[in-house]
Amino acid sequence: MAAMDSSQDNIKVTNITSTLTLYESSIKPASQNNVIADTLVLFFGWLNAKQEALDKYRKLYLSRGFDVLFIYGKLSHFAWPPGSVQASFELLQLLKKRFDRYDHYFAHGVSVGAYNYTICLQMATDMPVHCGHFREKLKGVVLDSMTCGSLSRMTEGVSKGVTNSAFLRKIIKKSMEYYFAITRRHTADFYEKEVQFFIDCPAEVPTLILASRDDPMSDPQFVEDIHSRWEAIGSFKVFYKMWETSTHAAHYRSHPEEYLSHLGEFLAAYEQCAATGNKTKGPQSKL
């Protein structure tokens, strides 16, 4: 598909597909070994994200000189994993062919976006010849309000991402639970394996986990266990913030100063990792 370009306020916007938009900043501040100029931020967004909310994240990275590829998630990608796998493969091939000018990636996955990020990481592990560049170039990960824990929490997250109506959410959640029950081999079983992969095979690069205890779509105990498990590995830095009270997929809005402080600390570690050329390890997938 041909790209459509537009420019505004020193930002070049390229609509690549209906789910991919590239934002390029013309301002490239001095950075150790030009890390920022050589980095593409892969922003895996949440379902039905409002433009105003996305603009805040765009400005957050573009103002620092990063280029950002926004990856908009679809309900169909979550509901039918083979579709998500196909979309992830196409994304990774696009990165390889069209965005090879970037030496480094860092991924920021919000809510269900963390699921789409995990699919990409798994494919890079399972298909090193075709998709291994994703792990090789990945030098940092932000997991923000990740929808995790039980399948019930995942369906809760999807239903809240689709509609603001409590009545419709209940219908959607019950419908999805029934759907997953009759398609278990292709859906629920896949999610279970994907969660295990996520736990066992992290990208061993600076990682920032942002969560809250009152998030109905994210199991705080699961998040804490992930943090402890990854810290115990010892080969990569894990940054962590668990708020007592916050808003799903809106920690930046709820706690702007703290959010920026934690992100700034993470970005410093990211730049160091990218500048020193540390390679992301690629463990064997257990799927």
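One residue stands out among those in region 95-145 that are of a type in the set (Ser, Thr, Tyr) and over 15 Å from the mean Cα position of the chain (by Cα): the one that is farthest from HIS251 (Cα to Cα), which is THR125. Mind checking which residues of region 177-210 are farther than 18 Å from GLU224 by Cα, β-branched (Val, Ile, Thr) and modelled with pLDDT of 90 or more? Selection gives ILE182, THR183, VAL205.
From LEU54, LEU75, which residue is within 30 Å of ILE172 (Cα to Cα) and modelled with pLDDT under 90? Being within 30 Å of ILE172 (Cα to Cα) and modelled with pLDDT under 90 holds for just one of LEU54, LEU75, which is LEU75.
Taken together, ALA181, ALA203, ALA232, ALA250 contain a single residue that is within 21 Å of ALA269 (Cβ to Cβ) and out of contact with any strand residue (DSSP E or B) (no Cβ under 6 Å at 6 or more places or on another chain), which is ALA232. Restricting attention to region 229-249 and to residues that are more than 16 Å from VAL205 (Cβ to Cβ) and part of a loop (DSSP other than H, G, I, E, B), the residue that is nearest to the chain's Cα centre (by Cα) turns out to be ALA249. In summary, PHE167 fulfils each of the numbered conditions (1) over 27 Å from GLY83 (Cβ atoms); (2) at pLDDT 95 or above with the single exception of condition (2).
Would you say ASP215 is in contact (Cβ under 8 Å) with a residue 60 or more places away in the chain, of a type in the set (Asp, Glu) and within 21 Å of TYR252 (Cα to Cα)?
On the way: in contact (Cβ under 8 Å) with a residue 60 or more places away in the chain: yes; of a type in the set (Asp, Glu): yes; within 21 Å of TYR252 (Cα to Cα): yes.
Against the criterion (in contact (Cβ under 8 Å) with a residue 60 or more places away in the chain, of a type in the set (Asp, Glu) and within 21 Å of TYR252 (Cα to Cα)), ASP215 qualifies.
Pairs are defined by a Cβ separation below 7 Å, a sequence spacing of at least 6 or placement on different chains, a first member in region 10-27 that is touching a residue at least 40 places away in the same chain (Cβ under 8 Å), and a second member that is surrounded by 16 or more Cβ atoms within 10 Å (Cβ to Cβ) and assigned to a loop (DSSP other than H, G, I, E, B); the pairs so defined are THR19/TYR72; THR19/LYS74; SER25/GLY65; SER25/PHE66.
The values are calculated or read from the model by the stated rules, or taken from the named source; none is laboratory data. Keep in mind that what you see is a predicted model, and the values were worked out from it rather than measured. Glycine also receives a Cβ, built like all others from the backbone with ideal geometry; neighbour counts cover every protein chain displayed.
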